[in-house]
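Undergrad: The following block contains the structure, expressed as structure tokens.
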Amino acid sequence: MTTDFQAHVAPMFDLNGKVALITGGAVGMGKATGLILAAAGARVVLADDGGRIAALADLPPGVEARTCDITCESAIRALVTDIIADHGGIDILVNGAVVNHNKPVLETSVEEWDSVQAINLRGAFIATREAVPSMQARGGGRIINITTMGSVHPVLHGNGAYSASRAGLNQFTRNCALDFAKDGITANAILPGAIITETISSGFRPTGPGADPARHLGGFGQVDDMTGLALLLASPAGRFITGQLIAVDGGFLIS
């Protein structure tokens with residue numbers, strides 16, 4: 001019985017032969033997602049800016065790191081072209097590149113607003129546009145966008161530019177699910193709650209309901225709290241899940 005069960009379950013999460021591109025892949029949730037997809041058998045490319053990529057060390061077999069400016073259309077196109085040339089195509093795209101921004105609206109400059117949108121929203125659009133033709137050619141694929149629970153419910157003061165960019169990515173996710181369903185490509189968004197990563201400054205003291213650990217099951221989360229969902233959405237087990245915005249927030253949104 002155990003053997004039969006294992007024989008049935010293992011293929012549901014098997015990513016052998018799949019190629020995954022993770023933007024924002026050198027740190028935090030992007031890196032953690034890349035590592036779990038690699039553990040399931042995928043060939044993983046972690047893409048990030050040069051400074052973060054240079055700091056990566058001891059990557060496991062099947063994982064490589066490449067430099068990419070997510071705000072630059074030609075850089076993203078070149079990255080995707082190189083991955084296809086080296087590995088035959090792209091099956092999984094995780095748009096994890098993000099810049100955090102916490103500043104009152106009245107103190108936010110137009111330049112700051114545009115910079116946040118360029119990294120958090122426009123970059124995901126370009127990466128998706130460049131990667132999807134390969135998925136279509138390979139008979140299907142997975143798009144996973146990492147946003148935030150603050151994209152559907154205000155949780156911190158001063159998150160106007162950031163949450164707006166994430167809300168835009170949510171809707172882009174749903175449009176991709178609609179547009180590419182005929183191609184066997186799913187698109188879903190993971191909405192993390194208060195998950196602590198190395199990209200959050202130790203001196204950052206947010207205010208607002210989302211800053212209260214008592215509002216989250218077991219306090220603040222860790223990056224590994226969302227990687228299981230990422231694996232589900234990327235794997236054969238998630239083939240019938242698309243167009244969804246799934247919160248991993250320790251129960252914050254119901255509290």
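Undergrad: Quick one: helix 123-137 against the long Cα principal axis of the chain, what's the angle to the nearest 10°, folded into 0 to 90?
TA: 10
Undergrad: So for the pair Ser74, Glu107, with labels modelled 7 Å out along Cα→Cβ, what separation do we get in nm?
TA: Going by the 7 Å Cα→Cβ label model, 3.7 nm.
Undergrad: Then there is this: In µm²/s, what is D for the stretch 11-245 at 4 °C and 1.567 mPa s, where D = kT/(6 pi eta Rh) by Stokes-Einstein and Rh is the Kirkwood radius from Cα pairs?
TA: Approximately 73 µm²/s, per Stokes-Einstein.
Undergrad: I've got another one for you. How high is the relative contact order of the stretch 11-245, given as a whole-number percent (alpha carbon pairs under 8 Å, six or more residues apart)?
TA: 21
Undergrad: Let me ask something else about it. Which peptide among 146-155, 101-110 comes first, and what is the full order, when sorted by highest mean count of other Cβ atoms within 10 Å?
TA: Order by mean packing, descending: 146-155, 101-110.
Undergrad: Using 0.36 nm per residue, how much length does the chain from Arg129 to Ser255 gain when fully extended, once their Cα-Cα distance is taken away?
TA: 41.7 nm
Undergrad: Roughly speaking, what is the stretch gain from Ala214 to Ala118, that is 0.36 nm per residue apart minus the C-alpha to C-alpha distance, in nm to one decimal?
TA: Answer, rounded to one decimal: 31.2 nm.
Undergrad: Between Ala10 and Asp82, what FRET efficiency comes out of the Förster formula 1/(1 + (r/R0)^6) with R0 = 41 Å and r the beta carbon distance, rounded to 0.05?
TA: Taking R0 as 41 Å, the efficiency between Asp82 and Ala10 is 0.85.
Undergrad: Which of the lysines could be linked to Lys182 by a straight reach, that is with a Cα gap under 27 Å, when you skip same-chain ones fewer than 8 residues away?
TA: Partners within reach: Lys18.
Undergrad: For a Förster distance of 30 Å, can you work out the FRET efficiency between the beta-carbons of Leu178 and Ala55, rounded to the nearest 0.05?
TA: The value I calculate is 0.20.
Readers should treat all values here as calculations from the given coordinates under stated rules, not as data from a laboratory. From a predicted model like this one, the values you see are computed outputs, not experimental measurements. Cβ: placed from backbone, ideal geometry, glycine included. Neighbour counts: every protein chain shown.
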